[in-house]
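Input: a single structure, listed below in structure tokens.
The values are calculated or read from the model by the stated rules, or taken from the named source; none is laboratory data. Just so it is clear, the model here is predicted, and its values are computed rather than measured. We place every Cβ from the backbone using ideal geometry, glycine too, and count neighbours over all the protein chains shown. We work out accessible area using only protein heavy atoms, side chains counted, and drop any ligands, DNA or RNA first. Shrake-Rupley method; radii C 1.70, N 1.55, O 1.52, S 1.80 Å.
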Amino acid sequence: MSSQALVLALMLCSGLAQAEPDADGFTNPLEQLNFNPHLNQHEFERASLDALQVYDPWESWNRRVYHFNYRFDEWVFLPVVDGYRYVTPRFVRSGVSNFFSNLGDIPNLVNSLLQFKGKRSMNTTARLLLNTTIGIAGLWDPATRMGLPKQSEDFGQTLGFYGVPDGPYVMLPLLGPANLRDTGGKVFDFVAEDQINFLNVAEVSSDHPEITALRVVDLRHTTNFRYGQLNTPFEYEKVRYVYREARKLQIAE
């Protein structure tokens, strides 16, 4: 975010903090908002544009994919997830999520090592050992209870760590927002997990596609984002901007 946008955000927060609640419990922060007199309208507009501009040369196609994802989510994904939640007890869903989360620590470890993050690598190694043994192949997550939270790392972050630019924004079918760098990273992580074949899951999944299907359903079950939840006609722009900024923070960790 540019320095002008940061100044604007701080200025808005200051104005919001001083607002008095109305009788109905809401506030009217704009009535008491004091603008910095040194920031004219031109600076305000430039800061706003700097904060929102994302390199999206394939926007027309991306918007079509976004609409497809929206409808697929509404008509297929979420009904399947609702059915999964209805027929599956909570402790079973938790065990499934923990199991696949444990598998996901394999690419997390690989990418932590590639970025020379020693402490994070040891943390992830300890998680794998504890959850695979005490947690019975990852069905439980004792590592988190013991103060070893999951720390996600992917190859897109690794590339960003070494200075590879993110490239054009991409909306992937079913998978959602990404960019050119992170799309390649997803492929690498998939291949790495498949080749390592931890707990023989990758090999078994090739003969039993229902395992892959269950993993996809679990991924959607554990993802809180819902299309349309922002209740704005500019949801595409907001998702695009938040994704870019979130990735910057993850790479900088």
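The apolar share of the surface of segment 83-140, taken as the fraction of accessible area on carbon and sulfur atoms (1.4 Å probe, ligands and nucleic acids excluded), comes to 74 percent. Considered as an equivalent ellipsoid built on the Cα gyration tensor, segment 77-165 has semi-axes of 28, 19, 8 Å, the largest given first.
Computed as a quarter of the hull surface, the mean projected area of the alpha carbon convex hull for segment 124-180 stands at 5.6 nm².
Hey, what's segment 108-253 come to in accessible area per residue, 1.4 Å probe, Å²? Could the numbers behind the result be given before it?
Numbers: 8300 Å² over 146 residues.
For segment 108-253, the per-residue accessible area is 57 Å².
The calculated FRET efficiency for the pair residue 249 and residue 113, based on their C-beta separation and a Förster distance of 25 Å, comes to about 0.70.
Based on the Stokes-Einstein relation at 4 °C and a viscosity of 1.567 mPa s, and on the Kirkwood radius from alpha carbon pairs, segment 153-216 is assigned a translational diffusion coefficient of 99 µm²/s.
In plain terms, if you count all Cα to Cα distances in segment 186-253 and split them into 10 Å steps from zero, the share in each step is 16, 31, 30, 21, 3 percent.
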